[in-house]
Amino acid sequence: MNGLSLRGAGVLAGLWLAAPAALAGSDNLGNAVALSKLSKSHGFVSYSTEGKNLTLKTKFSTLSLEGNTRKAKFNDTLIWLNAPVSRHWGSWSIRESDVTKTILPLLNPSKALRPENGRLVVLDAGHGGSDPGASDARRRLEEKNITLELAQSVRTMLQKYNVEARLTRGSDQTIELDERCQMANRWGADLLVSIHLNAAANTGSSGVETHILPPAGCPITASTFVGDRDRAVFPGNRHDEANMILGYQLQRSLLKFTKAEDRGVRRSRFYVIRNVNCPAALVECGFISSRSENVKIMTAAYRDNVARGIAEGIMAYLNLVKRADTNAAKPGPAK
């Protein structure tokens, strides 16, 4: 494939195709909640349907859903739901896990982020050392080098905001996934962002995507099946709501600064985001395998935009954490 290698990329051909609507073997998606009922609570002011296009609006936000799929858009940013929107007793419905772990955190981040802190950010540059990640030999691109450069740039940008940021690797070295998680946990990380580049056998695939841990018992975006590992509760599941907010802010910011195709906030059980004791997300910042995108990735200006997108997404999340702390500190009404 013209010198293209997918080694270490963590993807298989066709992995990121839209998942079929039917779910198999799932056991923790919760009850069906009618959208007509949901629209009368949580600040929604309108609910409209046009065929399979379903729209709920609050004063400040728009939630767009597509019937019989797992696709949703929150303020025009794509989010993959835990389960498809489907008809239940004649009404379009969404599963309870998506109400509590997807929609409500986005509508009310102050409540969802009240238990979280925002002092230390850990940046994980994917691959390294003997593991090059995805590569394009013809253009001399190796994922491990680009992710390290991006992580270092993001750290510099965060430091200008007086945010403490540490790297799991600061050079071209081999660090096992478990060791990366141990570092973050030992340091007392308040959030972790793992930085990667994507690759696929289809050279037409392009765009940015952000991965967060699915709630226990819910399928990953790339599958409809729920097995034993999917039912397990991982350390990262203690932060399901915060993961959603972090993933959304990162994806939204990356799109703003790169103008890349929106591949959405996706659900995956990658090792580094499921085994840390803090909110975490893994960003795929573009496709080395894309004929057009890897040309952009080769330019310093585009890589700077990617780094800026990650840094500003992190800052948006940290500002929401700070706001949640401020709101929690306000005295309640006199009794």
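Counting only residues that are farther than 15 Å from E293 by Cβ and of a type in the set (D, E), the range 128-170 holds 4 of them.
The set of residues in the range 273-286 being surrounded by 23 or more Cβ atoms within 10 Å (Cβ to Cβ) and more than 11 Å from the chain's Cα centre (by Cα) consists of V276, C278, C285, G286.
Before we move on, is T174 assigned to a loop (DSSP other than H, G, I, E, B), at pLDDT 95 or above, assigned by TED's automatic domain parsing to the domain that holds V265 and of a type outside the set (A, V, I, L, M)? Taking the combined requirement at face value, the residue satisfies it. A Cβ distance below 7 Å, combined with a sequence gap of six or more or placement on separate chains, defines the contacts here; from the range 105-116, residues that are in contact (Cβ under 8 Å) with a residue 60 or more places away in the chain reach residues that are assigned to a helix (DSSP H, G or I) and of a type in the set (S, T, Y) in the pairs L106/Y248.
Residue by residue, here is whether (1) surrounded by 15 or more Cβ atoms within 10 Å (Cβ to Cβ); (2) closer than 30 Å to K111 by Cβ; (3) touching a strand residue (DSSP E or B) at 6+ places or on another chain (Cβ under 9 Å); (4) assigned by TED's automatic domain parsing to the domain that holds V295 holds:
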residue	(1), (2), (3), (4)
R166	yes, yes, yes, yes
E179	no, no, no, yes
W187	yes, yes, yes, yes
H211	yes, yes, yes, yes
P219	yes, yes, yes, yes
A232	no, yes, no, yes
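Before we move on, is L106 touching a Phe, Trp or Tyr at 6+ places or on another chain (Cβ under 6 Å), of a type outside the set (F, W, Y) and under 23 Å from L191 (Cβ atoms)? Quick ask: steps written out before the conclusion?
Details: touching a Phe, Trp or Tyr at 6+ places or on another chain (Cβ under 6 Å): yes; of a type outside the set (F, W, Y): yes; under 23 Å from L191 (Cβ atoms): yes.
Considered against the rule, which asks whether it is touching a Phe, Trp or Tyr at 6+ places or on another chain (Cβ under 6 Å), of a type outside the set (F, W, Y) and under 23 Å from L191 (Cβ atoms), L106 comes out as yes.
Listed conditions (1) under 30 Å from K322 (Cα atoms); (2) of a type outside the set (V, I, T); (3) surrounded by 24 or more Cβ atoms within 10 Å (Cβ to Cβ) are all met by N198, apart from (1).
Just one of the numbered conditions (1) surrounded by fewer than 21 Cβ atoms within 10 Å (Cβ to Cβ); (2) under 14 Å from the mean Cα position of the chain (by Cα); (3) free of Cβ contacts under 8 Å to residues at least 40 places away in the same chain is not true of N162: (2). Of the helices (runs of 4 or more DSSP H) lying entirely inside the range 253-335, those containing at least 1 residues that are farther than 27 Å from P215 by Cβ and among the acidic types (D, E) span 293-297, 300-329.
The values are calculated or read from the model by the stated rules, or taken from the named source; none is laboratory data. This one's a predicted model, so the numbers in the text were calculated from it and none came from an experiment. As a convention, Cβ positions derive from the backbone with ideal geometry for all residues, glycine included, and neighbour counts pool all protein chains shown.
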